[in-house]
1. With 10 angstrom as the radius, rank T307, T92 by how many other C-beta atoms surround their C-beta, starting from the fewest.
2. Rounded to the nearest 5, what % of the DSSP beta bridges within the stretch 99-279 are antiparallel ones?
3. For the stretch 1-126: lysine pairs with Cα atoms under 19 Å, gap of 8 or more or different chains, count?
4. How many angstrom lie between the Cα centre of the stretch 308-360 and the Cα centre of the stretch 43-105?
5. Enter the angle in degrees (range 0 to 90, nearest 10) between the Cα long axis of helix 36-46 and the first principal axis of the Cα atoms of the chain, meaning the one along which they spread out most.
6. Gaussian network model of the chain, Cα springs within a sub-10 Å range: biggest mean-square fluctuation belongs to which of F177, F37, F76?
7. Return, for the Cα atoms of the stretch 99-279, the radius of gyration and Dmax in Å, separated by a comma.
8. Output the relative contact order of the stretch 93-161, whole-number percent, from Cα pairs under 8 angstrom with separation of 6+ residues.
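Read-outs: derived from the displayed coordinates by stated rules, not from any lab. In this text, all values refer to a predicted model and were calculated from it rather than measured experimentally. Please note: Cβ atoms are built from the backbone with ideal geometry, for glycine as well, and neighbour counts cover all protein chains shown.
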Amino acid sequence: MSAFFKLYTNCFLVKGAHRSLIIDIQRNQYFFVPNAFNEVIAMSSDIGVEETRSKINNNKILNQYFNFLEKNDLGFYYTEQERENFPEMDLTWDSPFKISNMIIDTDARKDYNFYAKINAEFTKLGVYALQIRFLEVVDMDHILGVLSEFKKNRLRHIEMVLKYKKELTSKKLSRLFGLDPRIDSISVHSSPKNSIITIPKFEKKIFFSQTKFLSASCCGVISHDFFATNLQHFTESQKHNSCLNRKISVDKDGNIKNCPSMSQNFGNIHTTTLEEALQHKDFKKYWMLSKNEIETCKNCEFRYICTDCRAYTERTHTNKEGLDTSKPLKCGYDPYTGVWEEWSTNPLKQKAIKHYEVIN
């Protein structure tokens, strides 16, 4: 009986210009494979393994391919009679919420009405993930004061980004996990050294980074450290922007934006509601711009697990709707060679860097 082979439903093969990626969204991992894998997998599930061997006529390579797939538990053999038992996964993405995630950039202000006003609108929009980024040094009392303003809402996930302060030790910061279980992670920027502290009691981590985060212009760096190999991100990235979709933000001056780094604002939190800002005709203009439509990214094997940035781009392409479809400025990866390089020293990016006057 002829055997067929296919990847598990939770494994996806994404072809890039130089190489391909098999993404396992169940185990949150990915594997690099040659582009030739695409043809082998397609043929093996269409005409069968033996027929594939006869057409490609390179058993040594094929054995290596199938051994690799079996060893890493990425696929399985099946018979012709079983074919209908393995339908493809529906990659349609949607959310019942008008806004799924929000960023608040703030300083050391003690004006808690600022946070209370934002919180009052959370339920209407359905926000369930919040990132609070403190650009200045704050103490524990201030952190607790801000968190207290976000107690009554639908929030399920909170990420804290703090500026390093010697007194805010990992031991003290870990208490926040117990005080508010919605806090998933704490990142500390401008730290003397890089380190990751695991808090076993809560199964969560505190990240200390030497990278300085002084303003929203520090945002937008594309790195494999930020890849997301989960079902939510993978499906959303198929037809939506992996940074801006269903996002709303308030910058340190209270301006309402799609992202704090974007130049266009849609009013100020003191005079405009989040709902009113959301209704502006331009607010959602980038939501449906996926990596499939962005220059260079559309040929990258990482396009469905990567983040995007429309605030800082190479400023080389626009589409017929007038949207910027250029490659993110702060990405140093070249999908045509498979090599990562330092983006800030690339001579082809210097004109755009000067335009934005970005902080590396």
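1. T92, T307
2. Looking only at bridges with both residues in the stretch 99-279, the antiparallel portion is about 25 percent.
3. Lysine pair count for the stretch 1-126: 6.
4. 32
5. 60
6. The residue that fluctuates most here is F76.
7. 16.0, 45
8. With pairs under 8 Å counted, the relative contact order is 42 percent.
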